[in-house]
Amino acid sequence: MEISFKGKRILVTGAGQGIGRGIAIELWRAGANIVALSRTRSHLESLQSEYPSIDIVDVDIGDWEKTRKVVESLGHFDALVNNAAVAVCEPFLDCSPSNFDKTFDVNVKAVLNISQVVARKMIENKTHGAIVNISSQASKAALKDHTIYSASKAALDALTRAMALELGPYGIRVNAINPTVIMTEMAKVGWSDPIKANEMLSKIPLGRFGEISEVVNAVVFLLSERSSMINGVELPIDGGFLAT
């Protein structure tokens, strides 16, 4: 099933590394004009050194006003992937207001901010666009030491449904993807402890963690016309974790 985004302009946040980088590259390979956004300039420069035609923008999306100005200046997009996120893992009794604010500023508030700007331009240009928000299985099931992160991703799921409802009449589809542990370089370090890994793996019927490509493929599908009647869903990519 070949999917082409030739002539389409797509913004990907958190595109400097991991899942976001994989999404940006695959959409570029499918013909899209990509704008990769990240807080870390060095990650973006590494991406652009490999793919010179990808445009890069560095901004801390936790800063509402600065982010709004930057995204406004980027012009019109046909699609958006809200991938950027932060995760602070700590026990419930140790959760701090500063970590709560930091997490929600990036994982929820920034998605609202960036999506408002992009969606308004889609509406002005009468673009039947698509938005994909990268959520987590943590929004659906309690995970130890993930209180604030889980709450932020549950809020993102709710935001996705509200966006789908209100933007749908303009022909703009909005969906979320809810992955399990995905084997990014960071995850390989974080889940290298066999005891920790085996506890999670025992709850996944397929018996393994996900690969970046498996998230990327779902994002590409949901952004494409192949999913033209899919709107407001939260798609688990979890090997059956949430089914058990």
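Structure notes:
- For the chain, the longest principal axis of the Cα atoms and the long axis of helix 110-124 meet at an angle of about 30 degrees.
- Among 78, 238, a tally of other beta-carbon atoms within 10 Å of each Cβ gives an order, fewest to most, of 78, 238.
- The relative contact order of segment 153-244, computed from alpha carbon pairs under 8 Å that lie at least 6 residues apart in sequence, is 42 percent.
- Shape call, segment 33-89: gyration tensor on alpha carbons, a/c limit 1.5: oblate
- Between 0 and 90°, nearest 10: helix 212-223 axis offset from the chain longest Cα axis: 40
- Of all DSSP beta bridges in the chain, antiparallel share, percent nearest 5: 0
- Helix-only mean residue ellipticity at 222 nm for the chain, each DSSP H run of n ≥ 4 adding -39500 (n - 2.57), per residue, nearest 500: -13000 deg cm²/dmol
- Rg/Rh (Cα only; Kirkwood hydrodynamic radius) as it applies to the chain: 0.95
- Nearest 10 degrees, 0 to 90: helix 64-73 Cα axis against the chain principal axis: 40
- Ranked by how many other beta carbons lie within 10 Å on average, peptides 197-209, 217-229 from highest: 217-229, 197-209
- With contacts taken as Cα pairs under 8 Å at a separation of at least 6 residues, the chain carries a relative contact order of 19 percent.
No value in this document is a laboratory result; all are computed from the given coordinates. Computed from a prediction, not measured in an experiment: that's the story for all the values here. Quick reminder, even Gly has a Cβ in these numbers, built from the backbone with ideal geometry, and neighbours come from all protein chains shown.
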